[in-house]
Amino acid sequence: MTRSTIDVIPTKTASEEKPEFAGDYILKHVFVHNHVGEVVDVKSIMIELNIYESIYKNAVTGTIIIADTTNQIAKLNIQGLERVSFQLSTPGVKYGNEGVIDASETTGHPFHVYKITDRIQLNQNLTSYTLHFASREFMRNLRTKVSQAYDGKFDRAVIDIMKDKNYLDSRKKLHYEPTGNKGKVVIPNLNPFDAINMIAKKSVPEKSSGVGYYFYETTGGYYFRSWQSMITSQ
């Protein structure tokens, strides 16, 4: 139940009507937006794009490996407040389907850069480095704490933490399985992800047996569901 990486190597422009070979894709641009609104398309200098998702991770993360001959990193003055936007799809798949990764500024959910690693001066004119990015909720989780008591069904507490503007303030679709148990839960000044994971361990499915939920993100949204539901339904 883990898709650890989606690798994209931008070597050609694919047909938009149908795949020409296994793994074919459409990726027209990869924009990096800095904190003052400047935008650079790094697709032409990008060596590799990786997107990571897993049922054991609370957020989608990724990396972009760049070979930079024009010193774009200095021009953008990257400080860790940047956004990465792109649209990645399979030829023949229309936008709006779950098979499309829409991280665009206009219709999707851009990722946020949180660090730069592996900076290497390969020669006088070429520098390589890796941009690490994650979903907006990942960044919100680092900056906020939950100190609150919830009384009622556990899935409602999770929805509240996800949507509350003081916590994760998520705008993404939340796919959740209703819980069969309820009670009072006191969150003792935890990051939102830790708070939801604590609730997940206490949760019991409404329509099946077993204890414990998984809380994770994929490129199709967020999920709060039991193991039973994952192995018995699509």
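Key figures for this structure:
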{"read-out": "DSSP loop GluC sites (Glu not before Pro) with at most 14 other Cβ within 10 Å: longest gap in the chain", "value": "106-205"}
{"read-out": "Between the stretch 49-86 and the stretch 108-143, the Cα center-to-center distance that results, in Å", "value": "4"}
{"read-out": "Along each principal axis, Cα extent of the stretch 28-137, largest first, Å", "value": "44, 31, 26"}
{"read-out": "Rounded to the nearest 20 debye, dipole of the chain from Cβ charges on Lys, Arg, Asp, Glu", "value": "820"}
{"read-out": "Residues Asn71 and Asp169, FRET efficiency given R0 of 41 Å [Cβ-Cβ distance, rounded to 0.05]", "value": "0.70"}
{"read-out": "DSSP bridge orientation in the chain - percent antiparallel, rounded to nearest 5", "value": "95"}
{"read-out": "Principal semi-axes in Å for the stretch 79-204 [√(5λ), Cα gyration tensor, largest first]", "value": "35, 21, 11"}
{"read-out": "Greater than 29 Å apart at Cα, pairs in Lys115/Lys201; Lys163/Lys207; Lys28/Lys165; Lys43/Lys165; Lys172/Lys201", "value": "Lys115/Lys201; Lys28/Lys165; Lys43/Lys165"}
{"read-out": "Pairs of alpha carbons in the stretch 138-234 whose separation is greater than 23 Å (percent)", "value": "20"}
{"read-out": "Relative packing of peptides 220-226, 123-129 - highest average C-beta neighbours within 10 Å first", "value": "220-226, 123-129"}
{"read-out": "Dipole axis of the stretch 40-163 (+1 Lys, Arg; -1 Asp, Glu on Cβ), positive-most option in Tyr129, Asn77, Val40", "value": "Asn77"}
{"read-out": "Cut-off 12 Å between beta-carbons: net charge of the residues surrounding Glu177, Lys and Arg +1, Asp and Glu -1", "value": "+1"}
{"read-out": "Computed helical MRE - 222 nm, the chain, DSSP H runs ≥ 4 contributing -39500 (n - 2.57), nearest 500", "value": "-4500 deg cm²/dmol"}
{"read-out": "Label selected from (i) 17.5, 67; (ii) 19.8, 63; (iii) 19.7, 72, the criterion being Rg and Dmax of the Cα atoms in Å as computed here", "value": "(ii)"}
{"read-out": "Net charge of Cβ neighbours under 12 Å - reference Gly152; Lys, Arg +1; Asp, Glu -1", "value": "+1"}
{"read-out": "Contour excess over end-to-end distance, with Cα ends at Asp160 and Lys43 and 0.36 nm allotted per residue", "value": "38.3 nm"}
{"read-out": "FRET efficiency for Asp194 and Leu126, using Cβ-Cβ distance with R0 set to 41 Å, rounded to 0.05", "value": "0.50"}
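A short reminder: the numbers here are calculations on the coordinates, not readings from a lab. None of these values were measured; they are calculated from a predicted model. Note that we place each Cβ from the backbone using ideal geometry, even for glycine, and neighbour counts take in every protein chain shown.
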